[in-house]
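Any read-out appearing in this document is the output of simple, stated calculations on the displayed coordinates, not a laboratory observation. These figures come from a predicted structure and were not determined experimentally. Cβ sites come from the backbone with ideal geometry, for glycine too, and all protein chains shown count toward neighbours.
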Amino acid sequence: MTRIGIILGSTRPGRNGEKVAQWVLEQARTHGSGATFELVDLADYPLPHLDEPLPPSMGQYQNAHTKEWAAKIASFDGFVFVTPEYNHSTSGVLKNAIDYLFSEWNNKAVGIVSYGAVGGARAAEHLRLIAGELKMADVRTQVALSLFTDFVNFSEFAPGEHQAATLSTLLDELVAWSSALAPLRG
């Protein structure tokens, strides 16, 4: 069975991402794709700034926190990155968590659910560039949540009805691509 990790890419106190990630998980569990979904909160993986002495592409991790993170990411066939947009990019904590690993990301699909003043569009574009370098296949559909229209007072998550349909399409693409890439991961 295809396993998809929903990575909550913010650890900020009072973060909007927690509500967004829970919504993604709830929608995914009722999606009917046959895949299993798990929320991976970066707050549960307190990785320091990249502290491995060797490049991740060598796969020779020295630290227990890196080995634990690598095992978690290796257990999935694909991912949904839930990302805020900070200063026209993704969060530093998500970028750091991605940078810790290499082969654990390879030949897996990724979908992006972003949020911010312009729906997190620029954060998503940066993640697409990063995904390409990690040999990940990013699906075309993106859920872009605006702080102006999908949140009340910029903090209470209230997604527009159309967002659930967009997420459903993203999940369809993500599961299909994750399954299609399985022979490359073998």
Ordering 70-76, 157-163 by per-residue average of other C-beta atoms within 10 angstrom, highest first, gives 70-76, 157-163
Let me have the 222 nm mean residue ellipticity of the chain computed from DSSP H runs of 4+ only, each contributing -39500 (n - 2.57), with the sum over all residues rounded to the nearest 500. -11500 deg cm²/dmol
Using a Förster distance of 22 angstrom, determine the FRET efficiency expected from the C-beta separation of Glu133 and Gln22, and round it to 0.05. 0.15
Whether region 139-186 is rounded, prolate or oblate, judged on the alpha carbon gyration tensor where a/c under 1.5 counts as rounded: prolate
Placing unit charges on C-beta atoms (Lys and Arg positive, Asp and Glu negative, everything else neutral), compute the dipole magnitude of the chain about its Cα centre in debye, rounded to 20. 220 debye
Amide H neighbours of Phe79 under 5 Å, at least 5 residues apart or on other chains, H built in the peptide plane: list them. Gly5, Ala109, Val110, Gly111
Counting other beta carbons within 10 Å of each Cβ, put Val20, Val152, Val118 in order, fewest first. Val152, Val118, Val20
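Counting other C-beta atoms within 10 Å, which of Thr169, Thr83, Thr149 has the fewest, and how do the rest follow?
The order, fewest Cβ neighbours first, is Thr149, Thr169, Thr83.
Just check the chain against the gyration tensor rule for me: Cα atoms, a ≥ b ≥ c as the square roots of the eigenvalues, rounded for a/c under 1.5, and otherwise prolate or oblate depending on whether a/b exceeds b/c.
Taking the square roots of the gyration eigenvalues as a ≥ b ≥ c, the chain is oblate.
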Of Leu167, Gly92, Pro56, farthest towards positive along the dipole that unit charges on Lys, Arg, Asp, Glu beta carbons give the chain: Pro56
Net lengthening on full extension, Glu52/Phe157 (0.36 nm per residue, minus Cα-Cα): 34.1 nm
Once both axes come from the Cα atoms, what is the angle between helix 121-133 and the longest principal axis of the chain, in degrees from 0 to 90, rounded to 10? 20 degrees
Net charge (Lys, Arg +1; Asp, Glu -1) of residues whose beta-carbon lies under 11 Å from that of Gln62, Gln62 excluded, is -1
In Hz, Karplus ³J(HN,Hα) per residue of region 65-81 (6.51, -1.76, 1.60; θ = phi - 60°; x = Gly, Pro): 5, 6, 4, 5, 5, 4, 5, 5, 5, 5, 6, 9, 9, x, 9, 10, 8
